Amino acid sequence: MLRTKIYIFLSALGAIFGVSAFICFSIVYANIEAGMWALLSGIHASLALVLHCHYLKESLHVNFSRKALQYIGDFGIVGFVSGLALTLFYTFLEIYYKADIVPIQTSIIIRLIWSFMMMKWGLTLYLFTKKYLRTYNDDQLFSENPNIEET
């Protein structure tokens, strides 16, 4: 219970920081690539937040089917793999060019940080969908839902 609340707090922070960084880097500093990776990081964190909230309220099985959770997990693994590829690419560029963090408009380091965050939140989303999929009981699919009242 406490662990899930901590996950909710961290996912909310990730979503807020991702969207804030998207606005900051895309609009204020015109570093579109860093803004896009920040937005995708925020989307992955937001999906993790939604899953944690439903899990805490014990409404995950009601609102998400097994297939929907598998699709969310696939989205997470795509975010992880693309974030990993981008992180490796930006690491290579940083080592090769030895660029500084300023000017922010062309900073490779900021792109590297947000591609890493996208990789992190993609892996986190994937792992939690797998964890929550293990809570699904296939026998429940064929039994009546005790929470539904008959009219």
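The values are calculated or read from the model by the stated rules, or taken from the named source; none is laboratory data. Just so it is clear, the structure is predicted and the values come from calculations on it, not from any experiment. Cβ: placed from backbone, ideal geometry, glycine included. Neighbour counts: every protein chain shown.
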### Query
Hey, any hits in segment 46-59 for a residue that's exposed (fewer than 12 other Cβ atoms within 10 Å of the Cβ), out of contact with any strand residue (DSSP E or B) (no Cβ under 9 Å at 6 or more places or on another chain), charged (D, E, K, R) and under 16 Å from Thr129 (Cβ atoms)?
no
#### Entry: Checklist (1) crowded, with 21+ Cβ neighbours inside 10 Å; (2) closer than 13 Å to Trp121 by Cβ applied to Ala34, failing item
(2)
### Message
Taking the criterion of being crowded, with 21+ Cβ neighbours inside 10 Å, in contact with a His (Cβ under 6 Å, 6 or more places away or on another chain) and of a type in the set (Phe, Trp, Tyr), would at least one residue in segment 101-114 satisfy it?
### Response
no
### Task
Enumerate the pairs (first residue in segment 109-120 and within 12 Å of Leu40 (Cα to Cα); second residue anywhere and β-branched (Val, Ile, Thr)) with beta-carbon separation below 7 Å, excluding pairs fewer than 6 apart on the same chain, so at least 6 apart or on different chains.
Ser115/Thr87; Phe116/Thr87; Met119/Thr87
### Message
Exactly one of these conditions fails for Trp37: (1) closer than 20 Å to Ile113 by Cα; (2) free of Cβ contacts under 8 Å to residues at least 60 places away in the same chain. Give me its number.
### Response
(2)
### Among the candidates Ile23, Ile43, residue that is β-branched (Val, Ile, Thr) and either modelled with pLDDT under 95 or touching a Phe, Trp or Tyr at 6+ places or on another chain (Cβ under 9 Å) (or both)
Ile43
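Yes/no matrix, rows are residues, columns are (1) closer than 19 Å to Val19 by Cα; (2) modelled with pLDDT of 95 or more:
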| position | (1), (2) |
| --- | --- |
| Asp74 | no, yes |
| Val81 | no, yes |
| Ala85 | no, yes |
| Ile104 | yes, no |
| Phe116 | yes, yes |
| Leu125 | yes, yes |
